[in-house]
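Working notes for the structure below.
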Amino acid sequence: MRLTQDEWANYWRDGYVDRRHVFGPDELAEMRGAGEEVIEQFVAIRKGRRMPAGAYTFEFEAASLVIIKWEGDTDAVHGIEPFAHLHPTFQHIALDARFVDPARDILATDDVALFTEKLNYKRAHHGGPVVLHQDQPYWVGQADDLDRLMTIMLLLDDSTIDNGCLYAAPGSHEWGVQARRQIDGFGSFEMDDEKFDRSLLQPVPLAAGDLVMFGPLLVHGSEPNRSAGDRRALLYTYQPAGQRHMLDNLRPLAERSAR
């Protein structure tokens, strides 16, 4: 499961690399089922305490230590972070060599652990875009070492241009932190589209069971889901072991909300 020479070359040149046919149909069905189970639970207990922030609408679910990203005022869940602690299936997959071995290579350590995880769902006809961004600005003050993070995205469904596949700017991991929107609040982490040449973006369509790996400075995003089928994905972000997990950042917030 370690990176091949060709994969290394692609990763260092482009800032990302994909790996095809990694997980099989039965495994994907199990993960889809776990995701739907988790989402159904959160929809059932929704409290309506939603906060528009930049391009998104969030809700902090203190009891479960998660941030839910809703599709506006609807009951469609766009994302959940973190999520591995919510279901045994997700905890098990996070330790799978198909994730851990590439993370070991890219992070240059055999002892890796999760930093955060994102359940990223784009429902048929309802799934909104993921605005153009780099991950690193969102993690300032949250991660112990911003330079030693990497993300692996697993597609649970085929991802196409029609249903909102990943778009990335090859080589952008070498360009530093890009200009962001000059607004207050969460939206300030989003990139300023007017200061970035979107013609540099390339689609990265993948099949269900494929992986794509990238670092915290890659410029990426995705378009809405305009198709009749879901586009679901799991994203696991790894770091050297012994550092803070996102749950460590959310616990104080949960304690304050309980007072």
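No value in this document is a laboratory result; all are computed from the given coordinates. Predicted model only: the values in this text are computed from it and were never measured. Cβ: placed from backbone, ideal geometry, glycine included. Neighbour counts: every protein chain shown.
Once the stretch 107-259 is represented by equal point scatterers at the alpha-carbon sites, with solvent omitted, what log10 I(q)/I(0) does the Debye formula produce at q = 0.10, 0.14, 0.20 Å⁻¹?
Once normalised to I(0) and log-transformed, intensities are -0.39, -0.77, -1.36.
Just from the alpha-carbon atoms, what are the Rg and Dmax of the stretch 1-144 in angstroms?
16.9, 50
Within the chain, how many Lys pairs that are eight or more residues apart, or on different chains, come under 22 Å at the alpha-carbon?
5
Can you tell me the relative contact order of the chain? Whole percent, Cα pairs under 8 Å, sequence separation 6 or more.
Relative contact order comes out at 29 percent.
For the stretch 87-117 and the stretch 129-154, write down the distance between their C-alpha centroids in whole Å.
16
For residue 30 and residue 109, FRET efficiency with R0 = 30 Å and r from the beta-carbon atoms, rounded to 0.05?
Numbers: r = 29 Å, r/R0 = 0.98.
After rounding to 0.05, the efficiency reads 0.55.
Which number do you get for Rg(Cα) / (2.2 N^0.38 Å) in the chain?
0.95
Per residue, what volume in Å³ does the Cα convex hull of the stretch 151-229 take up?
It comes to 113 Å³ per residue, whole-number rounded.
Please turn the phi angles of the stretch 48-63 into ³J(HN,Hα) values with the Karplus equation 6.51 cos²θ - 1.76 cosθ + 1.60 (θ = phi - 60°), one per residue in order, whole Hz, x for glycine and proline.
Per residue, the Karplus-derived 3J(HN,Hα) values read x, 8, 9, 10, x, 8, x, 7, 10, 10, 10, 9, 8, 9, 5, 5 Hz.
Measuring from centroid to centroid over Cα atoms, what is the spacing of the stretch 189-204 and the stretch 1-48 in Å?
23
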